[in-house]
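A quick write-up on the structure given underneath.
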Amino acid sequence: MALTETETKIQAHGTRSRRRNPTLESLAQAAREPWTIICVLILLGFLAMAVLSPMLAGDPLAINPAYRLKPPSLEMIWGTDHLGRDVFARAMNGARMSLTVGVAVALLSAIPGVAIGIFAAMNRTGGALVMRVIDAMMAIPAVLLAIALAALLQPGLLTLIIAISIPEIPRMVRLVRSVVLSVREQPYVDAAVSVGTGGFALVRRHILPNTIAPVIVQATYAAASAIIASAVLSFLGVGTPPDVPSWGGMMADARKFFQFYPMLMVYPGALLSLLVLVTNVLGDRLSDALDPRKIARSI
């Protein structure tokens, strides 16, 4: 039996509707926004700065007392610090350290945070005990806990990443647990349980996919927070060792000369602020694009 023209159009519309992915369409729309494009380009600039710093800048550790506190010149475009070191080279290498810490902390807080959060939501008895431990960890100021861990362990980049990641895990756990508790009450989860879907399969097919979007958004905020925390710890002298260039360490060295050479602190401070700003803006864009209410309206 041949289909009428109206039935053909309805069938074609239904096929297109089934092929649509509202989440991908929302992300594509967010990617076309001017602020998103600008932030991505700036973030790529920081990435290029971190990767190409050995080729584009001099040795950040080279000390030359004869050139201490020199103004910007063609040879050293941002001048030198109190030890005669190239400020531009140190700032570029500081970008590498900040990006490394941000990405590493985002991953190290997301992976265990997702696992613990799902366990706490799906297991009532064990989950209650886990959440009491999480509440106790969140009662301790994150910077204070990071300072204590950094002081107990051997100073270094790995120690700095671990010290910042541990305070970020409780935030991720609480987020994932709240999301899973909401998803667990949805009708499609009840339907999956009614047909005999096991615990692991239930988590893999229904629970985990619905937690990915908020975890990605929270990971961007964790990365921005980690970049600030690494600068604070380095400024206080409990972050990376002196032989590892960092923006926080540069600002700590420059505070003694701020009255006479303020740009020594302005350069790393401006880079730090810009990197945190674009990371937070991208997090906000992702949050808007992955908002379930917005996606539901587009269906």
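The values are calculated or read from the model by the stated rules, or taken from the named source; none is laboratory data. Bear in mind that the values here come from a model prediction, so they are computed numbers and not experimental data. Glycine also receives a Cβ, built like all others from the backbone with ideal geometry; neighbour counts cover every protein chain displayed.
Observations, loosely collected:
- Qualifying residue in the stretch 93-100 (condition: touching a strand residue (DSSP E or B) at 6+ places or on another chain (Cβ under 7 Å), under 20 Å from Ile227 (Cβ atoms), among the aliphatic types (A, V, I, L, M) and in a helix (DSSP H, G or I)): no
- Residue pairs meeting the criteria (Cβ under 6 Å; at least 6 apart or on separate chains; first in contact (Cβ under 8 Å) with a residue 60 or more places away in the chain, in the stretch 200-217; second outside any helix (DSSP H, G or I) and surrounded by fewer than 19 Cβ atoms within 10 Å (Cβ to Cβ)): Ala213/Leu290
- Annotation: Ile77 fulfils all but one of (1) buried (at least 16 other Cβ atoms within 10 Å of the Cβ); (2) at pLDDT 80 or above; the unmet one is (1).
- The stretch 114-148, residues that are surrounded by fewer than 18 Cβ atoms within 10 Å (Cβ to Cβ), at pLDDT 85 or above and within 19 Å of the chain's Cα centre (by Cα): Ala115
- Within the stretch 193-226, the residues that satisfy the criterion of being modelled with pLDDT of 85 or more and more than 16 Å from Ile118 (Cα to Cα) are Val217, Ala219, Thr220, Tyr221, Ala222, Ala223, Ala224, Ser225, Ala226.
- Residue count, the stretch 53-69 (criterion: part of a helix (DSSP H, G or I) and of a type outside the set (A, V, I, L, M)): 4
- Leu44, sole failed condition from (1) without any contact (Cβ under 8 Å) to a residue 24 or more places away in the chain; (2) touching a helix residue (DSSP H, G or I) at 6+ places or on another chain (Cβ under 9 Å): (2)
- Checked across the stretch 150-158, the condition of being at pLDDT below 80, among the small types (Gly, Ala, Ser), buried (at least 21 other Cβ atoms within 10 Å of the Cβ) and under 17 Å from Ile228 (Cα atoms) holds for at least one residue.
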